[in-house]
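Below is one structure, written out as structure tokens; comments come after it.
The values are calculated or read from the model by the stated rules, or taken from the named source; none is laboratory data. Here the structure is a predicted model, which is why all the values come from computation and not from measurement. Positions of Cβ are generated from backbone atoms using ideal geometry, with glycine treated the same way; all protein chains shown enter the neighbour counts. Only protein heavy atoms, including side chains, enter the accessible area calculation; ligands, DNA and RNA are left aside. Shrake-Rupley method; radii C 1.70, N 1.55, O 1.52, S 1.80 Å.
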2 protein chains.
Amino acid sequence: VADLSSFETPFLAIDLDAFQRNVARAQSYCDEHRLAFRPHVKTHKQPALARKQVEAGAVGITCQKLGEAEVMADGGLDDVLLTYPLLGPAKEERLATLVRRIRVAVAADSRDAVEAAGRAGRAAGREVGFLVECDGGLGRLGVTDPDAAADLAERAVATEGVSWAGLMTYPTSERTRPFMEATRAALARCGLEPPVVSGGGTPTLYRTHELDGLTEVRAGEYAFGDRAHVTSGVVSLTDVAVGIVATVVGRPDDDHVILDAGSKTLSSDPCASGDAGFGLVRDLPEAVLSELWEEHARLEISRCRRPPVIGDRLTIVPNHVCGAINLHDEVVLHGSGEEARWAPVPARGRVR
Amino acid sequence: VADLSSFETPFLAIDLDAFQRNVARAQSYCDEHRLAFRPHVKTHKQPALARKQVEAGAVGITCQKLGEAEVMADGGLDDVLLTYPLLGPAKEERLATLVRRIRVAVAADSRDAVEAAGRAGRAAGREVGFLVECDGGLGRLGVTDPDAAADLAERAVATEGVSWAGLMTYPTSERTRPFMEATRAALARCGLEPPVVSGGGTPTLYRTHELDGLTEVRAGEYAFGDRAHVTSGVVSLTDVAVGIVATVVGRPDDDHVILDAGSKTLSSDPCASGDAGFGLVRDLPEAVLSELWEEHARLEISRCRRPPVIGDRLTIVPNHVCGAINLHDEVVLHGSGEEARWAPVPARGRVR
């Protein structure tokens, strides 16, 4: 059986056992609380892993980009929520093509987006679902006024080619509740009841039941964990399913070694406040990944009892799993049941 | 003629006119000072652009990874300096395969790397060049003792399959000079004279002639510029050849808009000290790209006289060009002489 030591570094490894544990835990939580679960595939970008999430009980998947959704449709996924405004003729045409192939809903916050979805749905001869995006407190996208949310829902109801599917919000927390309650009240005044109220985010995933009125949850990082989620306690280090395996290629002085993985392998996504450095070395938690260049990392090892030597391999838990996987054309999948193997990341780099 | 407005956002655009100006300027500087120029292709990852650099007069190219060098060899480049230690049987075998195809030198700082190069050279039946990497003050890789550098050079001279090619250092500055002088003296005591002394880095490119004894320069970012180099004054904004074109997809309040480009399009590489944000908006230099998510950016526009509206396109100069291009499978090449077109980035993501 091929083990990880036979793969050339640096590479990103995904532990399928940990992945399956995380998928099962989240699905079981959602089942228990009668929540639909719609995993976000922007984290892994791999139809093969999305299929495992659907096989475990997910109602469909979430995508952030049309390009991701197209790759997922190619890979057999047939129910996608696209949580991004699709504006402009090129995206409308691609949306129409996608809607001919699979069930698609989009979430957005403007009349322009409703009209674009309507044109795509009419061109495809099949309705596009539309969820009204409500600002979850981030001030990013999303309607910020309950009456405006109801207006947009009415517009979706009235638009041919569109089927109004409900509300979507991100992030989801206690702070979201007053707005969502006011929006439901405004909808009720229009005689509307949202079929779906979709909330999202790994940090609050296991507290979704405390937030009244959500019917669906979206999350991506939950299936892998990363350093931010270990720090926040949402995923334990034992359950982290992602690691970048790197080799020590230099030891400039007693207190530092250099690894063959940098910002083009790990991403330069920053650590959570309270943490230090560009990732957590699993084998040496007392070491600090203090500096990254594109293809080198400097590891401060002064507190390590057994300092690594040139040629040693170390596994790095990235600060942010999504940024890391997106840098890899191929990853190594491994687990107790199967031989470790290279697998492609087909939706990697789908920026459009 | 296709102009940039016909391409779907977000995309990374490369201005070939500015690229050629930068390439010509650097080559002309090197010619004037009788320096060999060996551009670093880790910045653009595109054999077609590397060929333009060689056509302009470069002696060959520099690569940071074997995978980059393999792609460049596929693309017709035939003289590569690999400035990275190649350790382990997999890399040795790939090096041997590459050496059968093109002229290759490696720069490294250990006997293990000399021996690996020797085995690869003997397997290929063709010598691998070897440059002794000297620490340029970064404390990253490189021999830190002049006598150790001379020892390693002697080792390279004595190793079958290897041809000692000289010294390499990064970064290159006034601080490097005493070490390089001491190393040349140590080499002279062994009866050795370095055929090549290779220095590197865009920040000091146009001051290489002030540093005695360098025969060759390596630089990658010089051909594009980016926000860091505009700030430092090495490349003027007019000559910046790279931009990420994004669309305004939301306006949460009067002071902010949201763009359809985030850390998966721009990278989260930080700005230089003194700058703020994740890139410079060319069309709105007074705006601040204050927050990035994976596929969204928040632009603070309170100081803009003509605030952008939903649907507008903006061009972002990235903080760090190398991190940005590496995220794109395809880029848009444009220039006065030719129609704007998609072009692949064949060495993107070659982490090994």
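The figures follow:
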read-out	value
Subset of the stretch A:293-313 that is out of contact with any Lys or Arg (no Cβ under 8 Å at 6 or more places or on another chain) and crowded, with 21+ Cβ neighbours inside 10 Å - its residue that is farthest from the other protein chains (Cβ to nearest Cβ)	A:Ile301
Selection from the stretch A:1-22 of residues that are of a type in the set (Val, Ile, Thr) and either open to solvent by less than 50 Å² (accessible area, probe 1.4 Å) or touching a Ser or Thr at 6+ places or on another chain (Cβ under 6 Å) (or both)	A:Thr9, A:Ile14
Which listed residue is surrounded by 24 or more Cβ atoms within 10 Å (Cβ to Cβ) and under 19 Å from A:Ser267 (Cβ atoms), from A:Ala219, A:Ala246	A:Ala246
Index of the failed condition, B:Leu333 passing every other in (1) on the phi < 0 side of the Ramachandran plot; (2) within 14 Å of chain A (Cβ to nearest Cβ)	(2)
Enumeration of residues in the stretch B:186-195 that are in contact (Cβ under 8 Å) with a residue 40 or more places away in the chain and open to solvent by less than 40 Å² (accessible area, probe 1.4 Å)	B:Ala186, B:Leu192, B:Pro194
Considering residues of the stretch B:133-172 that are open to solvent by 30 Å² or more (accessible area, probe 1.4 Å) and part of a loop (DSSP other than H, G, I, E, B) only, the residue modelled with the highest pLDDT	B:Glu160
Every residue from the stretch A:30-64 that is charged (D, E, K, R) and open to solvent by 10 Å² or more (accessible area, probe 1.4 Å)	A:Asp31, A:Glu32, A:Arg34, A:Arg38, A:Lys42, A:Arg51, A:Lys52, A:Glu55
Number of the exception - B:Gly199 against (1) under 23 Å from the mean Cα position of the chain (by Cα); (2) open to solvent by 40 Å² or more (accessible area, probe 1.4 Å)	(2)
Any hit, the stretch A:89-102, residues being within 11 Å of another protein chain (Cβ to nearest Cβ), β-branched (Val, Ile, Thr) and crowded, with 20+ Cβ neighbours inside 10 Å	no
Number of the exception - A:Ile310 against (1) part of a strand (DSSP E or B); (2) over 25 Å from the mean Cα position of the chain (by Cα)	(1)
Hey, B:Val114 out of contact with any Gly (no Cβ under 6 Å at 6 or more places or on another chain), within 14 Å of chain A (Cβ to nearest Cβ) and crowded, with 23+ Cβ neighbours inside 10 Å or not	yes
The one condition in (1) more than 27 Å from A:Glu330 (Cβ to Cβ); (2) in contact with a His (Cβ under 7 Å, 6 or more places away or on another chain) that B:Leu12 fails to fulfil	(1)
Scan of the stretch B:5-47 for residues that are farther than 20 Å from B:Val196 by Cα, in contact with a strand residue (DSSP E or B) (Cβ under 6 Å, 6 or more places away or on another chain), within 14 Å of another protein chain (Cβ to nearest Cβ) and not aliphatic (A, V, I, L, M), ordered by number	B:Phe7, B:Thr9, B:Pro10, B:Phe11
Test: residue in the stretch A:272-289 that is buried (at least 22 other Cβ atoms within 10 Å of the Cβ) and closer than 20 Å to A:His40 by Cα	no
Evaluation of A:Thr183 against (1) more than 14 Å from chain B (Cβ to nearest Cβ); (2) open to solvent by 10 Å² or more (accessible area, probe 1.4 Å); (3) not charged (D, E, K, R) (one fails), failing number	(2)
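Each row is one residue, and each column tells you yes or no for (1) in contact with an Asp or Glu (Cβ under 8 Å, 6 or more places away or on another chain); (2) within 21 Å of A:Asp253 (Cβ to Cβ).
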site	(1), (2)
A:Glu294	no, no
A:Glu300	yes, yes
A:His320	yes, no
A:Gly323	yes, no
A:Asp329	no, no
A:His334	yes, no
A:Ala340	yes, no
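Residue-wise test of (1) within 14 Å of chain B (Cβ to nearest Cβ); (2) in contact with a helix residue (DSSP H, G or I) (Cβ under 6 Å, 6 or more places away or on another chain); (3) touching a residue at least 12 places away in the same chain (Cβ under 8 Å).
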| position | (1), (2), (3) |
| --- | --- |
| A:Asp239 | no, yes, yes |
| A:Asp260 | yes, no, yes |
| A:Thr265 | yes, no, yes |
| A:Ser268 | yes, no, yes |
| A:Asp283 | no, no, yes |
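Each row is one residue, and each column tells you yes or no for (1) in contact with a Phe, Trp or Tyr (Cβ under 8 Å, 6 or more places away or on another chain); (2) assigned to a loop (DSSP other than H, G, I, E, B); (3) polar (S, T, N, Q).
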residue	(1), (2), (3)
A:Thr315	no, no, yes
A:His328	yes, yes, no
A:His334	no, no, no
A:Ala340	yes, no, no
A:Ala343	no, no, no
A:Arg350	no, yes, no
